[in-house]
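**Student:** So that we are looking at the same thing, I have put the structure below in structure tokens.
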Amino acid sequence: MRIAIIGANGQLGRDLCATLALEHDLTPLDHATFELGDPAAVEQLVATNAELVIHPAAYTNVDGCARDPALAYRINGLGTQYVALACQKLNAPLVYISTNEVFAGAANTPYVEYAATGPVNAYGWSKWAGEQVVRELLDRFYIVRVAWLFGGERNFVRTVLRLAANPPESGLRMVADEVGSPTYTPDVSVAVMQLIKQPFYGTYHFVNSGACSRYEFAREILDQAGYGAVPITPIALADYKRDSTPPPYTPLANVAGAALGIIFRSWQEALAAYLASLKI
Ligand SMILES: NC(=O)c1ccc[n+]([C@@H]2O[C@H](COP(=O)([O-])OP(=O)(O)OC[C@H]3O[C@@H](n4cnc5c(N)ncnc54)[C@H](OP(=O)(O)O)[C@@H]3O)[C@@H](O)[C@H]2O)c1
């Protein structure tokens with residue numbers, strides 16, 4: 001199948017390209033050549049003649065989104081509208097990558113695919129706007145929500161490893177009351193490749209199984225990477241000041257994908273695979 005992948009140079013985009021190239025004819029579009037903030041994106045995408053479009057590109061700087069919500073909307077909301085309009089013209093299904101941050105985070109059990117959403121920050125609102133425009137404009141789409149991604153070069157795992165190699169004098173401090181689903185980008189990519197073989201359009205939660213707090217995630221990273229002796233102090237989300245406030249509890253349950261046989265290993269096993277890929 002001819003597939004156009006937007007955001008091809010991003011953390012998830014790179015793995016999607018590597019995986020899907022095994023079975024498909026890809027047109028990778030990176031930020032240098034394709035601008036979501038430009039209406040010309042519609043015709044540029046149409047010119048690829050793609051039979052399916054995958055859209056993991058986004059303005060992912062959550063604090064930047066909080067400082068400039070209008071920009072967040074223009075890229076993640078309106079930019080996704082351009083992509084959906086192009087898919088209409090191409091008569092091609094769209095895979096839109098969304099986020100755990102469409103949820104409010106006030107639940108106490110993992111969110112299923114059809115749980116009520118309720119973003120609490122500008123990034124979450126902008127990604128929700130992207131989801132809605134896909135639902136409103138297209139008949140054939142897969143909305144794939146992912147969370148707490150690791151697999152590329154800039155992510156929480158890399159940050160913790162960097163801190164562990166050169167710990168600050170005050171030691172490591174990690175939030176203990178923000179809970180989510182750490183997810184390995186190669187696992188998402190394989191799952192997307194399985195999903196697009198089937199015409200079961202709709203909303204999916206593609207995350208590694210299990211959930212943890214940021215504190216527990218950091219502890220596991222340190223233990224698996226041989227930094228077991230490095231101490232971490234748990235802190236409260238309220239004490240970690242930043243421009244964007246994350247929803248506190250957003251583990252996602254993969255119900256819809258599992259019903260199709262798309263199953264994820266645990267986040268701890270996925271973390272071990274990532275560390276092994278880094279030769280750690
Ligand atoms: N990372 C996470 O933990 C996480 C969690 C939940 C959901 N998600 C979602 O998963 C997807 C992939 O995330 P990721 O971690 O792979 O993000 P990423 O590494 O930041 O990749 C996003 C890509 O989009 C590109 N991009 C940004 N603004 C653009 C624009 N205006 N026009 C065209 N391209 C643009 C970026 O290019 P530049 O870098 O050159 O700007 C980058 O290559 C995103 O949709 C994100 O919302 C991520």
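**Student:** Treat each spin label as a single point 7 Å out from the Cα along the C-beta direction, and report the Ser170 to Ala273 distance in nm.
**Tutor:** 3.7 nm
**Student:** Once the Cβ-Cβ distance between Arg135 and Ile235 is put in as r, and R0 is 35 Å, what FRET efficiency do you end up with, to the nearest 0.05? Don't jump to the answer; show the numbers that get you there.
**Tutor:** Numbers: r = 38 Å, r/R0 = 1.08.
Calculated value: 0.40.
**Student:** If R₀ is 35 angstrom, what is the calculated FRET efficiency for the pair Asp223 and Asp30, using the beta carbon separation as r and rounding to 0.05?
**Tutor:** Working: r = 36 Å, r/R0 = 1.02.
About 0.45, to the nearest 0.05.
**Student:** Using only Cα atoms, what is the ratio of the radius of gyration of region 161-280 to 2.2 N^0.38 Å? Can you show the working numbers first?
**Tutor:** On the way: Rg = 16.5 Å, N = 120, 2.2 N^0.38 = 13.6 Å.
Normalised Cα radius of gyration, region 161-280: 1.22.
**Student:** Still on this structure: Only counting other Cβ atoms within 10 Å, I'd like Leu149, Leu16, Leu222 sorted with the fewest neighbours first. Kindly include the intermediate steps, with their values, before the conclusion.
**Tutor:** Details: Leu149 24, Leu16 27, Leu222 21.
Going from sparsest to densest Cβ surroundings: Leu222, Leu149, Leu16.
**Student:** Next question. With everything on Cα atoms, drop me the angle between helix 11-20 and the longest principal axis of the chain, reported from 0 to 90° to the nearest 10.
**Tutor:** On a 0 to 90 degree scale, this one is about 60.
**Student:** As a test of the formula, what do you get for the chain when each DSSP H run with n ≥ 4 contributes -39,500 (n - 2.57) and the sum is divided by the residue count, at 222 nm and rounded to the nearest 500 deg cm²/dmol? Please report the intermediate quantities before stating the final value.
**Tutor:** Working: 11 runs with 101 residues, N = 280.
So the helix-based figure for the chain works out to -10500 deg cm²/dmol.
**Student:** Further question: Give a quick list of chymotrypsin sites (Phe, Trp or Tyr not before Pro) in region 76-144 that DSSP marks as loop, anything other than H, G, I, E or B, with at most 12 other Cβ atoms within 10 Å.
**Tutor:** Tyr114
**Student:** On a straight-distance basis, which aspartates and glutamates could pair with Lys197 in a cross-link, Cα separation under 13 angstrom, same-chain partners fewer than 8 positions away excluded?
**Tutor:** Partners found: Glu23, Glu51.
**Student:** Right, next: Give me the distance between the Cα centres of region 40-66 and region 229-280, rounded to whole Å.
**Tutor:** For region 40-66 versus region 229-280, the Cα centre distance is 25 Å.
**Student:** Do any trypsin sites (Lys or Arg not before Pro) in region 85-166 lie in a DSSP loop with no more than 14 other beta carbon atoms within 10 Å, and if so, which?
**Tutor:** On the way: sites: Lys89, Lys127, Arg135, Arg140, Arg145, Arg154, Arg158, Arg162; in loops: Arg140, Arg154.
Listed in order of number, the matching sites are Arg140, Arg154.
**Student:** Right, here's the next one. If I model a spin label as a point 7 Å beyond the Cα along the Cα-Cβ vector, how far apart are those points for Ala106 and Asn91 in nm?
**Tutor:** Reported label-point gap for Ala106 and Asn91 is 4.6 nm.
**Student:** Of all beta bridges DSSP finds with both residues in the chain, what is the antiparallel percent, to the nearest 5?
**Tutor:** Values: 2 of 33 bridges.
Bridges in the chain that DSSP calls antiparallel: roughly 5 percent.
**Student:** Relative to the compact globular guide of 2.2 N^0.38 Å, what is the alpha carbon radius of gyration of the chain, as a ratio? Display every interim value, and only then the final one.
**Tutor:** Working: Rg = 18.4 Å, N = 280, 2.2 N^0.38 = 18.7 Å.
Normalised Cα radius of gyration, the chain: 0.98.
**Student:** Sticking with this structure for a sec: With N set to the residue count of region 227-280, report its C-alpha Rg divided by 2.2 N^0.38 Å to two decimal places.
**Tutor:** Details: Rg = 16.6 Å, N = 54, 2.2 N^0.38 = 10.0 Å.
In units of the globular-protein estimate, region 227-280 measures up at 1.65.
**Student:** Over the Cα atoms of region 2-45, what Rg and Dmax result, in angstrom?
**Tutor:** Computed over the Cα atoms of region 2-45, radius of gyration and Dmax are 10.7, 31 Å.
**Student:** Using the beta-carbon distance between Arg74 and Ala47 and R0 = 30 Å, what value does 1/(1 + (r/R0)^6) give for FRET efficiency, to the nearest 0.05? Show your work: numbers first, answer last.
**Tutor:** Details: r = 22 Å, r/R0 = 0.74.
Here the calculated transfer efficiency is 0.85.
**Student:** Please list, by residue number, every one of the GluC sites (Glu not before Pro) in region 1-71 that is coil in DSSP and has at most 12 other beta-carbon atoms within 10 Å.
**Tutor:** Values: sites: Glu23, Glu35, Glu43, Glu51; in loops: Glu23, Glu35, Glu51.
In loop regions of region 1-71 (DSSP not H, G, I, E or B), the sparsely surrounded GluC sites (Glu not before Pro) are Glu23.
**Student:** By counting other Cβ atoms within 10 Å of each Cβ, how are Cys65, Cys212 ranked from fewest to most? Could the numbers behind the result be given before it?
**Tutor:** Working: Cys65 27, Cys212 19.
Least to most surrounded, the residues fall as Cys212, Cys65.
**Student:** Now for a different question. Which length gain, in nm to one decimal place, applies between Thr159 and Ser266 when the Cα-Cα distance is subtracted from 0.36 nm times their residue separation? Intermediate results must be reported in sequence, preceding the final value.
**Tutor:** Numbers: separation 107, 0.36 × 107 = 38.52 nm, distance 2.10 nm.
36.4 nm is the gain from fully extending Thr159 to Ser266.
**Student:** Under the 0.36 nm per residue contour assumption, what length would be gained going from the current alpha-carbon distance of Gln194 and Arg2 to full extension?
**Tutor:** Numbers: separation 192, 0.36 × 192 = 69.12 nm, distance 1.58 nm.
Separation in residues times 0.36 nm, less the Cα-Cα distance, equals 67.5 nm.
The numbers here are math on the coordinates, done by the rules we state, and not lab data. Nothing here was measured: the structure is a model prediction, and the numbers come from that model. As a convention, Cβ positions derive from the backbone with ideal geometry for all residues, glycine included, and neighbour counts pool all protein chains shown.
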